[in-house]
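*Asks:* One structure, as structure tokens, below. Some questions next.
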Amino acid sequence: MQKIYTRMGDGSVVELSESEVRQDLEEGTKDAAERAKIPSLSEDDLQRLLELYKCPDKSVGVEKGKEVILSYDSGTTKFNRVNVSVSKLQSLQIYERMLGADTMEMGHMDYSYKPAKNIMWIEQPVFEQALLVTIPPLFYGAMPNLGLYTQPDGPCLNPMELLPQGKISEARATQEEMIEHAVRDMVYVGSLMYESGADGINFDTTAAAGDADFLATLRAVEILKKKYPQMCIEMGMSGEFILGMHGELTYDGVKLAGLYPHKQVELAEKAGVTIFGPAVNTNTNESCAWNTARAVTFTKACVENSNIPIHANVGMGVGGVPVTETPPVDSVSRVSKAMVEIGRLDGL
Amino acid sequence: MHITHSIASGMGGMRTAGDLVARMQMSRGMKIKEAKEYVASKLKVSVSDLADPVVMNEVREDLDIGRVNALPRVAKGIDAKFRIAELLGIEINCVNQFKDRIK
């Protein structure tokens, strides 16, 4: 029987039989459905995914007419990360003219709101200059990254050190303090960049530090939206499950710990988010087929439960994309097509 | 990876009407179908033409809202966005800021 060339979640090549791929697809969707208590993919969806993985083409794409909008996290940092020495302005022009970007994003190399606040004096003029010479919508983005507010990098005690000591109430108290600092920084940076003309503000990897991180971002979104009702706010998540590092935090009466994407988006909408980006972490011990089926299951439920556009995160290690520094075209394009056509996304 | 997604699923930005459809998602919170239909009606093209770079290059030339190739005396930045704001009937933040600065 002919083997199917595919990959594992870490990007390594594996050859599977058709029945093995089919089994992985079924188990991937079942895993998501059971965890989040959402519908698993239909037989039709599974069959389409199977055909996608059976296809011998290196690169696949959506059917004509089903193209969606792409938004980019930390756009301008990507060139410097691969040692291509271009300025932020040049990076944006490359995205605009050479990479077919529907939207663009500028960000600090140290891509978090805490360090970004220190360089607003130089970020704003560069951003304003970019807005004069580019045409697609331009976001300013960074990560909430609550961990940066802990000692020694920040003012707060580290909850990750307190928890193993059994100091639960102290760990909760310090996270509540971290939230205050993070909200202040996010509102400060978001305000300045919007006043410099930003088309939107992006909060990337929201909830990376758990429920406190999620709450801080929701509060910042709420404040910014009240200040600037026309502001477009994109919230990209960091994982499919909100970790309960605090465990008792709520927003609008809803406990944040344990929420999956279809419930995360409800709170994001309430806070005032314009575009929501669910993230589903890739499991490196499972195949790409398993991971993609799982990611599409979570994402599809999120889309169906949302009134706002959904741009799923499909970068390295999320959305079914392998966890590897150079994600292979065969895997990434299959994730892209699956997420858009079966997940029914508004963008990526 | 950006290139892979762009080729596999992206509308194509300024090569087509991707930036315009994006603006409708961002300014009005439109889902993709609604955003495409809105832009198509404003540009007086079909929805399927929105992602066609040959059609859209002509449309963008006629409307002077920015094209990929650099040509003399065509809109390239803020000037294109002035026209885009008017064409789509939306507020573009940097356009409004620019107007305030030159009062």
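The values are calculated or read from the model by the stated rules, or taken from the named source; none is laboratory data. From a predicted model like this one, the values you see are computed outputs, not experimental measurements. Cβ placement follows ideal geometry from the backbone for every residue including glycine, while neighbour counts extend to all protein chains displayed.
*Asks:* So is residue A:52 of a type in the set (A, V, I, L, M), surrounded by 20 or more Cβ atoms within 10 Å (Cβ to Cβ), in contact (Cβ under 8 Å) with a residue 60 or more places away in the chain and assigned to a helix (DSSP H, G or I) or not?
*Replies:* yes
*Asks:* Return yes or no: is residue B:98 part of a helix (DSSP H, G or I), within 8 Å of chain A (Cβ to nearest Cβ) and touching a Phe, Trp or Tyr at 6+ places or on another chain (Cβ under 9 Å)?
*Replies:* Answer is yes for this residue.
*Asks:* Please pick out the residue among B:1, B:24 that is under 20 Å from residue A:310 (Cβ atoms) and at pLDDT below 95.
*Replies:* Result of the check over B:1, B:24: B:1.
*Asks:* Moving on to the next point. Quick one: count up the residues across segment A:55-85 that are in a loop (DSSP other than H, G, I, E, B) and among the aromatic types (Phe, Trp, Tyr).
*Replies:* Within segment A:55-85, residues that are in a loop (DSSP other than H, G, I, E, B) and among the aromatic types (Phe, Trp, Tyr) number 1.
*Asks:* So, one more: For residue B:10, state whether it is over 20 Å from residue A:133 (Cβ atoms), within 9 Å of chain A (Cβ to nearest Cβ), of a type in the set (Gly, Ala, Ser) and surrounded by 24 or more Cβ atoms within 10 Å (Cβ to Cβ).
*Replies:* So residue B:10 passes the test.
*Asks:* Please verify whether segment A:202-211 includes one or more residues that are within 25 Å of residue B:78 (Cβ to Cβ), in a strand (DSSP E or B) and modelled with pLDDT of 95 or more.
*Replies:* yes
*Asks:* Being under 16 Å from the mean Cα position of the chain (by Cα), of a type in the set (Ser, Thr, Tyr) and not in a loop (DSSP other than H, G, I, E, B) is the filter here; which residues of segment A:250-296 pass it?
*Replies:* A:292 - this is the single residue of segment A:250-296 that is under 16 Å from the mean Cα position of the chain (by Cα), of a type in the set (Ser, Thr, Tyr) and not in a loop (DSSP other than H, G, I, E, B).
*Asks:* So for segment A:300-312 (the condition being touching a Lys or Arg at 6+ places or on another chain (Cβ under 6 Å), touching a residue at least 12 places away in the same chain (Cβ under 8 Å), farther than 18 Å from residue B:1 by Cα and assigned to a helix (DSSP H, G or I)), does at least one residue qualify?
*Replies:* Looking for residues that are touching a Lys or Arg at 6+ places or on another chain (Cβ under 6 Å), touching a residue at least 12 places away in the same chain (Cβ under 8 Å), farther than 18 Å from residue B:1 by Cα and assigned to a helix (DSSP H, G or I), one finds at least one in segment A:300-312, hence yes.
*Asks:* For the subset of segment A:34-49 comprising residues that are surrounded by 12 or more Cβ atoms within 10 Å (Cβ to Cβ) and among the basic types (Lys, Arg), which member is nearest to residue A:240 (Cα to Cα)?
*Replies:* Per the stated criteria, the residue is A:35.
*Asks:* Identify, please: which residue in segment A:91-138 is at the interface with chain B (Cβ under 7 Å from one of its Cβ atoms) and charged (D, E, K, R) and is, among those, surrounded by the most Cβ atoms within 10 Å (Cβ to Cβ)?
*Replies:* The qualifying residue surrounded by the most Cβ atoms within 10 Å (Cβ to Cβ) is A:102.
*Asks:* Follow-up question, since we're still on this one. Residue B:77 versus (1) crowded, with 24+ Cβ neighbours inside 10 Å; (2) out of contact with any strand residue (DSSP E or B) (no Cβ under 9 Å at 6 or more places or on another chain): which is the lone unmet condition?
*Replies:* Condition (1) is where residue B:77 drops out.
*Asks:* From B:46, B:27, which residue is of a type in the set (Gly, Ala, Ser), more than 7 Å from chain A (Cβ to nearest Cβ) and surrounded by fewer than 24 Cβ atoms within 10 Å (Cβ to Cβ)?
*Replies:* Just a single option satisfies the conditions, and that option is B:46.
*Asks:* While we're looking at this one, here's another question. Out of all the residues in segment B:59-95, which are within 18 Å of residue A:130 (Cα to Cα), at the interface with chain A (Cβ under 8 Å from one of its Cβ atoms) and of a type in the set (D, E, K, R)?
*Replies:* Within segment B:59-95, B:76, B:81 qualify.
*Asks:* Further question on the same structure: Can you spot a residue in segment A:148-167 that is over 28 Å from residue B:79 (Cα atoms), within 14 Å of chain B (Cβ to nearest Cβ), at pLDDT below 95 and surrounded by fewer than 19 Cβ atoms within 10 Å (Cβ to Cβ)?
*Replies:* no
*Asks:* Starting from segment A:221-248, keep only residues that are hydroxyl-bearing (Ser, Thr, Tyr), then list their pairs with residues that are part of a loop (DSSP other than H, G, I, E, B) whose Cβ atoms are within a distance under 6 Å, requiring at least 6 positions of separation or different chains.
*Replies:* A:238/A:207; A:238/A:208; A:238/A:279
*Asks:* Something else: Given the condition hydrophobic (A, V, I, L, M, F, W, C) and under 19 Å from residue A:325 (Cα atoms), answer yes or no: does some residue in segment A:52-73 qualify?
*Replies:* The answer is no; no qualifying residue exists.
*Asks:* Restricting attention to segment A:292-317, and to residues there that are within 11 Å of chain B (Cβ to nearest Cβ), surrounded by 24 or more Cβ atoms within 10 Å (Cβ to Cβ) and among the β-branched types (Val, Ile, Thr), which single residue is nearest to residue A:280 (Cα to Cα)?
*Replies:* A:314
*Asks:* Going by the structure shown, is residue A:340 facing chain B (nearest Cβ under 8 Å), of a type outside the set (Asp, Glu) and buried (at least 24 other Cβ atoms within 10 Å of the Cβ)?
*Replies:* Taking the combined requirement at face value, the residue satisfies it.
*Asks:* Counting only residues that are touching a residue at least 60 places away in the same chain (Cβ under 8 Å) and either among the β-branched types (Val, Ile, Thr) or farther than 20 Å from residue A:344 by Cβ (or both), how many does segment B:25-58 have?
*Replies:* 1
*Asks:* If you don't mind, there's one more thing I want to ask. Considering A:190, A:141, which residue is within 14 Å of chain B (Cβ to nearest Cβ), part of a strand (DSSP E or B), of a type in the set (Gly, Ala, Ser) and under 20 Å from the mean Cα position of the chain (by Cα)?
*Replies:* None of the others qualify; the one that does is A:141.
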